[in-house]
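Worksheet: one structure, shown below.
The values are calculated or read from the model by the stated rules, or taken from the named source; none is laboratory data. Just so you know, these numbers come straight off a predicted model, no measurement behind them. No Cβ is skipped: glycine too gets one built from the backbone with ideal geometry, and neighbour counts run over all protein chains shown. Note: accessible area is taken over every heavy atom of the protein model, side chains too, but ligands, DNA and RNA are not part of it. Shrake-Rupley method; radii C 1.70, N 1.55, O 1.52, S 1.80 Å.
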Amino acid sequence: MLTELVELPAGSFRMGSTDFYPEEAPVHTATVDAFAVERHPVTNAQFAEFIADTGHVTVAERPLDPELYPGVAAEDLLPGALVFRPTKGPVDLRDWRQWWHWAPGACWRHPFGRDSGIADRMDHPVVQLAYTDAAAYARWAGRRLPTEAEWEYAARAGGTTTYAWGDDAALDGRLMANTWQGRFPYLNDGALGWVGTSPVGVFPANGFGLLDMIGNVWEWTTTRYAAHHLAASNGCCPAPQAPDLAVNQTLKGGSHLCAPEYCHRYRPAARSSQSQDSATTHIGFRCVSSLPA
């Protein structure tokens with residue numbers, strides 16, 4: 001069953017920020033047409049329906065082409081994906097390789113490696129999907145992936161504050177999103193008890209009634225990443241059938257791995273760059289649909 005769509009009116013808003021990371025600038029006025037957005041990220045259960053209907057094989061389930069990865073060891077060309085593993089203690093936060101590890105066999109069915117599963121996570125956001133996998137689901141659903149501007153407009157829900165719910169990381173002492181709780185990358189007490197992804201809807205909806213727009217999982221957009229906003233472009237490009245390793249897409253929303261000392265990106269204005277072939281334990285997606293003008 002597809003996620004319920006929430007219709008949003010056309011509008012203009014101030015997009016971006018100059019208060020945190022340079023790639024969020026410049027702040028500019030963005031305008032979006034009316035569109036409808038899925039109330040929550042696509043779940044494991046929903047993605048399983050797509051797989052059963054289409055037989056789609058995700059990027060993480062395909063062997064890597066050695067011509068595209070010259071010099072990579074044969075064992076690292078097996079199907080797999082990146083898996084987050086906490087470190088034993090404090091580490092140099094400039095070296096992401098200390099907590100991200102290539103795991104043969106990791107895919108949407110086995111998000112942490114061959115021995116993991118999703119039987120108890122069917123209502124969690126699906127992860128370990130490359131950009132083209134998300135786009136394939138959207139085509140099957142008769143929908144599409146959002147542009148960065150559409151995504152940020154939906155996340156802000158008419159607000160202008162730093163966070164989706166106000167200018168403080170918590171609202172009246174209440175945790176509002178699934179983000180890292182503790183010291184990254186070695187100590188996480190869990191967000192409302194959840195370490196890693198949480199079922200969709202555990203945390204409060206935003207002003208548009210949308211769930212998990214911030215935290216839980218990063219979400220793919222169709223906007224190609226640039227070091228700064230390209231205000232004159234709507235950023236919408238047709239999704240290729242196969243990943244283009246030369247192109248990075250823009251991710252939005254932050255994830256359960258975001259912590260203020262490392263990734264203070266659980267804000268509507270925040271953005272991140274990701275190669276189209278990347279599949280990890282903290283990236284998911286949701287779809288949108290255009291509405292008549």
What figure in square angstrom, to the nearest 10, would you give for the accessible area of H256 with a 1.4 Å probe? 20 Å²
Note the full-extension length gain between Y69 and T162 as 0.36 nm times their separation in residues minus their Cα-Cα distance, in nm to one decimal. 29.5 nm
Across G11, G215, G190, the residue with the highest GNM fluctuation in the chain (Cα network, 10 Å cutoff) is G11
Between V247 and W140, what is 0.36 nm times their sequence separation minus the Cα-Cα distance? Round to one decimal in nm. 36.2 nm
So what are the radius of gyration and Dmax for the Cα set of segment 138-195, in Å? 15.5, 41
Solvent-accessible ranking of R94, R109, R144, largest area first, probe 1.4 Å: R94, R109, R144
Ignoring ligands and nucleic acids, what accessible area does D172 show with a 1.4 Å probe (Å², nearest 10)? 150 Å²
Stretched out fully, how many nm does the piece from A226 to D76 gain, at 0.36 nm a residue minus the Cα gap? 51.1 nm
If you roll a 1.4 Å probe over the heavy atoms of the protein chains, what accessible area per residue do you get for segment 1-95, in Å²? 55 Å²
From the list [x] 45, 43, 37; [y] 57, 40, 38; [z] 50, 43, 36, can you say which value of Cα extents along the principal axes in Å was derived from the structure given? [z]
The chain: longest stretch without exposed GluC sites (Glu not before Pro) (DSSP loop, at most 15 other Cβ within 10 Å), sites themselves excluded? 68-260
